[in-house]
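The values are calculated or read from the model by the stated rules, or taken from the named source; none is laboratory data. Worth saying up front: this structure is predicted, and the values here are computed from it rather than measured. Heads up, the Cβs are rebuilt from the backbone with ideal geometry, glycines too, and the neighbour counts pull from every protein chain shown. Keep in mind that these areas ignore ligands, DNA and RNA; they rest on the heavy atoms of the full protein, side chains included. Shrake-Rupley method; radii C 1.70, N 1.55, O 1.52, S 1.80 Å.
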Amino acid sequence: MEPFNLDDDTLLAAHDPSDMLGAIYGLPEQMEEAVRLMEHTGAKFDASLVQTIVVTGLGGSAVGGDMLRTYAGDKCPVPILVNRSYTLPSYVGKDTLVIAVSYSGNTEETLSAYADAKARGAQIVAVTSGGILKKQAWEDGHAVITVPGGLQPRAAAGYLFIPQLMLLQQAGLLPEGHAEIEETVRLLREMRKLLAPASPTEQNLAKQTALRLYGKIPLIHGAVGLTEVIAYRWKTQINENAQTPAFAHCYPELNHNEIVGFDVPQELIEKLEIITLTCSRNHPRVQKRIEITAGEVLAAASCGQTELAALGESDLAQMFSLLYLGDYASAYLAALYGLDPTPVEKIEYLKRRLAD
């Protein structure tokens, strides 16, 4: 079928925060609102007792934990794990901070993990817009960070990441980072001028990227560190927003397996479009691996290849610059297919069946 015209007037007014393009547009303001929320929060925990941190959540509610784990890897004195299960690892106990994240407050896996953390005597902070999680945490006397509701969880990355980041900063487990947040917000606003629907395709990198992905199977490559989690974010945003298969992997691991798999069958290889996300924080050897892999090893493969570089100076800005580009590209890919990027009917169906 012919792709939708991304410069059509019907996209130009897409600033309603209840739809996906409007929510993406509002990410800089969302981050600022989350900062103001945290400046007045009473959520606290005893950092002197914490030996491990576990962020438990699923889907869009887990992405903030993934980004926290990645961002804090070389900054936080205690390890951070992201848990996507009904139960918690065996080491969780009184010396563990469990951050239970459910945007709706009703995610059954997160509620189960919350009960597990409570039974083990862990310190708990809930991040949610309401629901059962908020009610239960309040009743149990645990700290609750209440964020604004009304969005799809995947569209609430600012609301779900910034509170976790600032919670650890306020407790002294991460260095103060207001300057990084301010840089990130400024950068996203500048990027928005070129990525939003009103920006024509010839100067809009997100629209151009969506066109490269149209009719293809996206394969998103990141690198261990800042871009690994963003590559996975691209994959899941393409899955949910554009309702199409997508896959992700990261360097250097993909050099030990995936690069061998681009020979046959040719008719499928031709349907792949590789997007490689890079940033200035890549280890020099990893960056060399990317250059050799893309420029030599896969040069003869019949798939497409595109490299996209992060913008900004700080770790936070570089992560969010690639996240923002990917969010817009996934929504434009949905538009090319004539789809509404907001609803996730299969997920809602699954929830209804589980409730039977």
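A few notes on this one:
- Here the chain is assigned +1 on the Cβ of each Lys and Arg and -1 on the Cβ of each Asp and Glu. Its dipole about the Cα centre then comes out at about 800 debye.
- Nearest-ten-degree value, helix 108-119 long axis tilted from longest Cα axis of the chain: 30 degrees
- With every protein chain in place, the chain: carbon and sulfur % of accessible area (1.4 Å): 56 percent
- Of Ala246, Ala294, Ala231, the residue with the greatest mean-square motion in the GNM of the chain, using alpha carbon springs below 10 Å, is Ala294.
- In this rough spin-label picture, where each label sits 7 Å from Cα along the Cβ direction, the Ser302-Asp8 distance is 3.2 nm.
- Top of Val82, Val264, Val144 by mean-square fluctuation, Gaussian network on the chain, Cα under 10 Å: Val264
- Cα shape, region 40-182, gyration tensor, a/c 1.5 rule: rounded
- Sorting 326-335, 121-130, 30-39, 157-166 by their mean Cβ neighbour count within 10 Å, with the most densely packed peptide first, gives 326-335, 157-166, 121-130, 30-39.
- Cα gyration tensor category, rounded, prolate or oblate, for region 171-300 with a/c compared to 1.5: oblate
- Total lysine pairs in the chain at Cα distances under 23 Å, for residues eight or more apart or on different chains: 23.
- Region 25-105, accessible area per residue, ligands and nucleic acids excluded (1.4 Å, Å²): 39 Å²
- Residue-normalised accessible area of region 110-171, given per residue in Å² at a 1.4 Å probe: 32 Å²
- HN-Hα J in Hz across region 76-93 - Karplus 6.51, -1.76, 1.60, θ = phi - 60°, x for Gly and Pro: 8, x, 10, x, 10, 10, 9, 10, 10, 9, 6, 10, 9, x, 5, 7, 5, x
- Max mean-square fluctuation residue, GNM over the chain, Cα-Cα springs under 10 Å, options Thr276, Thr236, Thr293: Thr293
- When only alpha carbons are used to place a centre, region 134-195 and region 232-258 end up 24 Å from one another.
- Length released on extending from Lys44 to Thr201, taking residue separation times 0.36 nm less the Cα-Cα span: 51.9 nm
- Gyration tensor (alpha-carbon) shape descriptor, region 291-347, a/c threshold 1.5: oblate
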